[in-house]
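The values are calculated or read from the model by the stated rules, or taken from the named source; none is laboratory data. Since the structure is predicted, the reported quantities are computational estimates derived from the model, not experimental observations. Methodologically, a virtual Cβ is constructed for each residue, glycine included, from the backbone with ideal geometry; neighbour enumeration extends over all protein chains shown.
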Ligand code: CA
């Protein structure tokens, strides 16, 4: 899951970025509204965390520009503006959710999971495909009910594949979903993770389409 954090306060930005990384998100962080729009025009994100009081272009204007451009990325506003009319304006302006600062990290993470599953058209908290189940809240996987322990990166990769069963994801796409800007990626990192996941979940779980990428077949 790749997240864009738009936040000009260095302390809040650092805390949120670290917490999201600890929760296995790939996080990119920009500090003003103009950079947010440039980045969102160039790259695809699963979710945007948007502060409102931002240098150069205000968060509400960023939101408006995104929606005017028909960019439907889920946006969760994080703002100290706590008046009812601010929250109403944010939601009516195209935000999918609005969390007032200061907030508790566990609530932010839960709201992010809720937005993500709604975007995928699911109300169920777990991702499942046949015998395989992955719980984004606990990061636990199970196959035929038997629990399987995954590392943070293994979880991220499996989540990316399970979100789109039947779709082939290229190496570049998987790297984009797993690693943020400042994280070093070994050239064969994706292969290592796939190898580890197959060992844990059975070799048939993830299919390789030679020269194209990897997929999880849609269970019948
Ligand atoms: Ca701010």
Looking only at residues that are touching a helix residue (DSSP H, G or I) at 6+ places or on another chain (Cβ under 6 Å) and touching a residue at least 60 places away in the same chain (Cβ under 8 Å) in the range 165-204, which one is farthest from residue 39 (Cα to Cα)? 178
Does the range 49-62 contain any residue that is under 26 Å from residue 23 (Cα atoms) and more than 14 Å from the ligand (Cβ to nearest atom)? no
Pick out the one residue from 67, 118, 111 that is modelled with pLDDT under 95 and either away from the ligand (no atom under 16 Å from the Cβ) or under 20 Å from residue 26 (Cβ atoms) (or both). 118
Looking at 32, 28, which one is within 14 Å of the ligand (Cβ to nearest atom), in the same structural domain as residue 100 (by TED's automatic domain parsing) and at pLDDT 95 or above? 32
Wholly inside the range 138-220, strands (runs of 3 or more DSSP E) that include 1 or more residues that are surrounded by 18 or more Cβ atoms within 10 Å (Cβ to Cβ) are 140-143, 213-215
Do you know which residues across the range 119-137 are in contact with a helix residue (DSSP H, G or I) (Cβ under 8 Å, 6 or more places away or on another chain), over 17 Å from residue 207 (Cα atoms) and in a strand (DSSP E or B)? 127, 134
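Residue-by-condition table, conditions (1) closer than 16 Å to residue 165 by Cα; (2) surrounded by 14 or more Cβ atoms within 10 Å (Cβ to Cβ):
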{"position": "109", "(1), (2)": "no, yes"}
{"position": "114", "(1), (2)": "no, yes"}
{"position": "118", "(1), (2)": "no, no"}
{"position": "125", "(1), (2)": "no, no"}
{"position": "131", "(1), (2)": "yes, yes"}
